[in-house]
Amino acid sequence: MLSVCGEKQQVVLLFLIEIILIVLIGTLTTYGPEANANLLKNLKEDYNGNNEHNRKPQSDSLRIYPMYQDVHVMIWIGFGYLMTFLKRYGQSAIGLTFLISAVLVQVALICEGVLHFDKNNKAYLSLSSLLSADVAVAAPLISMGALLGKTTYMQLVFMGIVELIVYTINKYINEHHLMAVDAGDSMYVHAFGAYFGLAVSFVFGRKDKPKEHHLEGPSYQSDIFAMIGTVFLWLFWPSFNSASLDGDSQQRAIINTLLSISGSCVIAFATSALISKDNKFNMVHVQNSTLAGGVAIGTAAGMMCKPIGALIIGSLAGLLSVLGYKYLTPFIQKRLRIHDTCGVHNLHGMPGVLAGIFGAIMAALATQNSYDYSLYEIFPARAPNFEKLTSEMRNDYGILPGNDRTALEQAGYQILALTVTLLMASISGVITGLILRTSVCGSVAEEDKFDDAVHWELEEEEEEEGLHEISKIKERNSRANDQLPMGTI
Amino acid sequence: MLSVCGEKQQVVLLFLIEIILIVLIGTLTTYGPEANANLLKNLKEDYNGNNEHNRKPQSDSLRIYPMYQDVHVMIWIGFGYLMTFLKRYGQSAIGLTFLISAVLVQVALICEGVLHFDKNNKAYLSLSSLLSADVAVAAPLISMGALLGKTTYMQLVFMGIVELIVYTINKYINEHHLMAVDAGDSMYVHAFGAYFGLAVSFVFGRKDKPKEHHLEGPSYQSDIFAMIGTVFLWLFWPSFNSASLDGDSQQRAIINTLLSISGSCVIAFATSALISKDNKFNMVHVQNSTLAGGVAIGTAAGMMCKPIGALIIGSLAGLLSVLGYKYLTPFIQKRLRIHDTCGVHNLHGMPGVLAGIFGAIMAALATQNSYDYSLYEIFPARAPNFEKLTSEMRNDYGILPGNDRTALEQAGYQILALTVTLLMASISGVITGLILRTSVCGSVAEEDKFDDAVHWELEEEEEEEGLHEISKIKERNSRANDQLPMGTI
Amino acid sequence: MLSVCGEKQQVVLLFLIEIILIVLIGTLTTYGPEANANLLKNLKEDYNGNNEHNRKPQSDSLRIYPMYQDVHVMIWIGFGYLMTFLKRYGQSAIGLTFLISAVLVQVALICEGVLHFDKNNKAYLSLSSLLSADVAVAAPLISMGALLGKTTYMQLVFMGIVELIVYTINKYINEHHLMAVDAGDSMYVHAFGAYFGLAVSFVFGRKDKPKEHHLEGPSYQSDIFAMIGTVFLWLFWPSFNSASLDGDSQQRAIINTLLSISGSCVIAFATSALISKDNKFNMVHVQNSTLAGGVAIGTAAGMMCKPIGALIIGSLAGLLSVLGYKYLTPFIQKRLRIHDTCGVHNLHGMPGVLAGIFGAIMAALATQNSYDYSLYEIFPARAPNFEKLTSEMRNDYGILPGNDRTALEQAGYQILALTVTLLMASISGVITGLILRTSVCGSVAEEDKFDDAVHWELEEEEEEEGLHEISKIKERNSRANDQLPMGTI
């Protein structure tokens, strides 16, 4: 089964990791102001809330909660069930997503927190830090999609921890230093997660050439389970792309994402039928490429891309994604020895790059004419610098001094952020892959791939009873046949 | 497989439709004011939002979002999984719902938009237009329920586009000219969708008499998949019926719908057991009739029907619906040759008519005594006309001048709206059916009905391997038997 | 099949129960003020809502709605699918959860209402009463988990009605007389529901010793269905624990629950692998024990337990729960003859008791230092009494006079509430079990246990066709064999 690092050691390691997480969260984090009982302000506000006049919207701190829960469902149900499409790896798909995400959401809270220490060297926990953590967890789940069925759970946990650290650094550099915009995290989460996972898979493929495996395919039922994941992801994608925004940007991100993902859904179906035998639909395309529009609009979700822009980029992503499944994935597997179980390159990789490029184009086209002062809210680096900022902008609209960037400069920084992301993902992915190959976290033998039996105590089953029945018949049969000669002699 | 219009042409048509949708949405729509970056008002409000005093509830524009997402889940997960009950049509049920709805939500945005052009001949996209579009899409999905397993995807797309156009006209006439109330769209969506679909099926039945088909039934697993759809529909129905309302009407619609749909659930179970062999429950009834109360309360959801009214109408709907499945559906199929795969007549048709009648009765009973001035908010046509409207009503309560209708007049208009809806649905359904029968969108042969193989590239499966195994045994067996005579001779 | 009380009588009883519920809800309840059209205040507020200045947050009354829908999903989808893990009881699991909950939510509205009559002897229906009813329904569903597969539906309905009455009394005593705190209802719902169900099972076991049953186990597919329930419960648990709170307590409850349930998820996986053969995961543990942290933090969810406290209590609960499945459940079944189908003792029983103890410890540690005046909001009984209450506390922070309790006194009352709950549950459970054993609600014979065929009209199936096929082969085979001797003679 698993070599070098025994199963027992993996279990001990898992306990150890949780203990370390408890200690780190315990020492590094504290309740944010909104969740702190020890702030009289909170109590006073609640009380004023009962006062007819001068009433404050209590719900304001909960504004984000329904969107947070949508994202929550996307991570655990969406990604989890999406990966149940393999005929004999459904329990691992949903079970390991559950485990990995529960570990990594804690890791993400710490990573996120370390960047935002308050004066007491404590990070605040709040609804928005929980949301950020959920979003971050999507990146290692995407990488997991490339490796599905080929790793131990401890390899995934280890990979996820490393990935989240690099993810946090990459996002911080791009957001705070390059001041690049990526509302729906299409570059930082989707492209990053995909190329990180593919880099790991590339390293694995150097050792063992990817082969055909009899369990690497769906069953009729598993395809229907996988659609639970697909459809929940599709439905809640507007929440994913808009949760970190507010005001008119948020409304726009919801509308843009719905249009884009609708476009990709229709075009993915159409392209699937176009390139398939007898013009039928292919479940792999429908489960994945229909979502590409959600990724592709992500970076520009809050921008003024106009309805037609959203529809076109989504449709392009759907087209590109299906073509990727049909032509690019087999090529990459054969030539580069990169095996990609779920085809994350087609759902997250290419559409993520597309999103980055589209975001840069939109940034290049953004003028004060079409955005008015909101331009400086969406692209803070484009705001006038301290000297040029008028007092009207400051006082009436709350605009902070920026870097005085032109539209083309901003576009350049967007492309730079995309490049940085791709480099960080690939390099750190290769390094992670090399570590994972050393079997410190165990490994799965070729014959055990894509098989739930590696991770789960499976019960004897009716189905197997059926086969058992068949084999009993066979036996009787062969005994009958055996008796024949004897009888006939 | 498909005749006249080949599969290839259908694919080309699907691409073409999406391109037309992109052009139309691109030219006809624009971001609504709340989603427009170019309105300084939005920015200013956001900024004031950070100001302790004089703070405005930013969340107000998001108020509708959680309900929108509930409805979103109902359309794609609810209707999609509800229709997976057939043993060999689950992939088509969920897959075609996905495709059809993604096409039609764009069509609905256009239809809806055309009615609400601003001065620049542009329709505003906003959360409420997205919500209206989702609600509209329910109508063709209901029609699809009557035709499930018997059409090509292009027949469904074509039908849906025609249906949405007629739906929009019908709703506009009834809401704006007849000023009939239908908060949960039980007449405009449920009754309309059901009778439209049944009319199409009627036309189909003229050509080919509905026959028994060996694939037209559930499997043990498919019934459990279908319950995902049922339960999500049941849970989020209060959102469906109340999303377009606000204030106390909305609260009332939530409460009324919960009571009504709980009543229909219990009575549907009880009736199912009452009329079944050995008093057992029947999955078809449980999957569908339990929801009838959500439909039946729809029209009157925002009215003062009192808790007991809501419970009674829901219970009646549950009873009627199960009896419909048992006695009416076979009768209609045999005598009128109307085949109704999901029994939409029992879940949407009759309960929708019941809703219309109940709404009229509630309207007839509505007095200023029980509603006070809210009467004119709920039934705007009952408000006093311009001369009679007091300045108190206008200034303090924002009541606009109406048509001075009496309660009975309003009830009459409610019945008129129901009648108009049924006529529009039936006539346009028949015409649509006649067009579909010409095979411009392809057609499904009798032997291919209810079979996923028509639309999907299906993989070889373990199950089939099992059967393969069996057939091999059979073969060995028969050879053994064949050898017997030889051996015994 | 069912003895004494025939199936027919059960159906009639179900109709009767719904009629009684309609009459009781009709006479005892009315719309709450927020849902009453006849309050001019509502109309005026709505209108002012359109006024730029002096705007009131309309959404305030909807603040609870998204959380209510989360809890709604937990009850019907969460509990329903969680119980589909048995290989041949999936339709009953989801179907009976559906029926039972629809009956009991109405019962709970009445029970809840009776305690809160207004001056006209009417109970108000509102979003918060709907939420309370949903929460209450969780208790009998937990009891149902202990009895799954061994009862008629009418036994469950009867048990649920009795249980909800005792539940209401118990919660009222503990909340209003003992003034114990239990934000997430871990004592009042989880511990109560578990020990009530176990007491019923204990009485059943006195009559018939629990035996091994060939249907009492999962299938590969049913385990994946069950995970739908598990994951939705896991995701929405923060809503369950925080929905009844507001302000900073609510934020804290969300954060604490997320941390606690993440800890229990990871530790449950680790413990499962630690104690299993070959260090593999066990689906029963993953489906249930991962959730134990949500229960264990419930009582103290709104308290200042600090992130580390939440993580530790969750991890402990995960550990305890898996050990319970492995060692305690078989012991209890063998020695005490308490059969516990879903292992509710491990998911709700022990973690519920743990929650009560943890809540008491947190109450003992609560000082004005760490909570400031919020202490008296969270523990109202600790507030100074009328004479000692300063006017600042009253006027500026809205604190009401309390019982002047010390921290240790409050802790004592917390333990008292836990004790009262366990006693009420056990005693009323035993009595209910004795009544149920008399077969007034029917009973399920040993050979029919865990079998959907008891409750459902099952269709002939392909699978069965497969077995049919096999048996035909067998027959041919045996005839071949029979012929052998003849042939060979």
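The values are calculated or read from the model by the stated rules, or taken from the named source; none is laboratory data. Note that this is a predicted model, so its numbers are computed, not measured. Positions of Cβ are generated from backbone atoms using ideal geometry, with glycine treated the same way; all protein chains shown enter the neighbour counts.
A few notes on this one:
- Test: residue in segment C:137-151 that is within 16 Å of C:Ile435 (Cα to Cα) and among the basic types (Lys, Arg): yes
- Given (1) in contact with a Leu (Cβ under 8 Å, 6 or more places away or on another chain); (2) in a helix (DSSP H, G or I), index of the condition B:Thr151 fails: (2)
- Among the residues of segment C:317-337, those identified as touching a residue at least 40 places away in the same chain (Cβ under 8 Å) and either part of a loop (DSSP other than H, G, I, E, B) or of a type in the set (D, E, K, R) (or both) are C:Lys326, C:Leu336, C:Arg337.
- Residue that is surrounded by the fewest Cβ atoms within 10 Å (Cβ to Cβ), among those in segment C:371-408 that are free of Cβ contacts under 8 Å to residues at least 24 places away in the same chain and among the charged types (D, E, K, R): C:Glu387
- Here C:His177 meets each of (1) in contact (Cβ under 8 Å) with a residue 12 or more places away in the chain; (2) closer than 22 Å to C:Ala417 by Cβ with one exception, condition (1).
- Selection within segment A:12-22 - under 22 Å from A:Asn121 (Cα atoms), at the interface with chain C (Cβ under 8 Å from one of its Cβ atoms) and either touching a Leu at 6+ places or on another chain (Cβ under 7 Å) or without any contact (Cβ under 8 Å) to a residue 24 or more places away in the chain (or both): A:Ile22
- Only one of the numbered conditions (1) in contact (Cβ under 8 Å) with a residue 40 or more places away in the chain; (2) part of a helix (DSSP H, G or I); (3) not polar (S, T, N, Q) is violated by A:Arg88, and that is (2).
- Selection over segment B:34-70 of residues that are at pLDDT 95 or above and at the interface with another protein chain (Cβ under 7 Å from one of its Cβ atoms) gives a count of 4.
- Residue match in segment B:24-33 (condition: at pLDDT below 95, closer than 24 Å to B:Lys122 by Cβ and assigned to a helix (DSSP H, G or I)): yes
- C:Ala296 being crowded, with 24+ Cβ neighbours inside 10 Å, within 24 Å of C:Tyr188 (Cα to Cα), out of contact with any Leu (no Cβ under 8 Å at 6 or more places or on another chain) and in contact (Cβ under 8 Å) with a residue 12 or more places away in the chain: no
- Which listed residue, of C:Val107, C:Val73, is at the interface with chain B (Cβ under 9 Å from one of its Cβ atoms), under 26 Å from C:His345 (Cα atoms) and in a helix (DSSP H, G or I): C:Val73
- Filtering segment C:345-372 to residues that are at pLDDT below 95 and closer than 20 Å to C:Ser244 by Cα leaves only C:Tyr371.
- Residue ID - farthest from B:Leu13 (Cα to Cα), chosen from residues in segment A:276-316 that are assigned to a loop (DSSP other than H, G, I, E, B) and facing chain B (nearest Cβ under 7 Å): A:Met304
- Output for segment A:105-136, where each listed residue is touching a Leu at 6+ places or on another chain (Cβ under 6 Å) and under 22 Å from C:Phe281 (Cα atoms): A:Gln106
- Filter result for C:Val137 (in contact (Cβ under 8 Å) with a residue 12 or more places away in the chain, in a helix (DSSP H, G or I) and surrounded by fewer than 23 Cβ atoms within 10 Å (Cβ to Cβ)): no
- B:Trp76 satisfies every condition listed in (1) crowded, with 24+ Cβ neighbours inside 10 Å; (2) out of contact with any Pro (no Cβ under 9 Å at 6 or more places or on another chain); (3) farther than 27 Å from A:Pro307 by Cα except (3).
- Within segment C:308-340, considering residues that are more than 16 Å from C:Val266 (Cα to Cα) and in contact with a Leu (Cβ under 7 Å, 6 or more places away or on another chain), the one surrounded by the most Cβ atoms within 10 Å (Cβ to Cβ): C:Asp340
Here's the yes/no breakdown for (1) in contact with a strand residue (DSSP E or B) (Cβ under 9 Å, 6 or more places away or on another chain); (2) within 22 Å of B:Leu148 (Cβ to Cβ):
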residue: B:Lys306; (1), (2): yes, no
residue: B:Ile312; (1), (2): no, no
residue: B:Leu319; (1), (2): no, no
residue: B:Tyr325; (1), (2): no, yes
residue: B:Arg337; (1), (2): no, yes
residue: B:Gly343; (1), (2): no, yes
residue: B:Asn346; (1), (2): no, yes
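- Taken over segment C:201-252, the criterion of being crowded, with 24+ Cβ neighbours inside 10 Å, of a type in the set (Ser, Thr, Tyr) and more than 10 Å from every other protein chain (Cβ to nearest Cβ) is satisfied by C:Ser201 alone.
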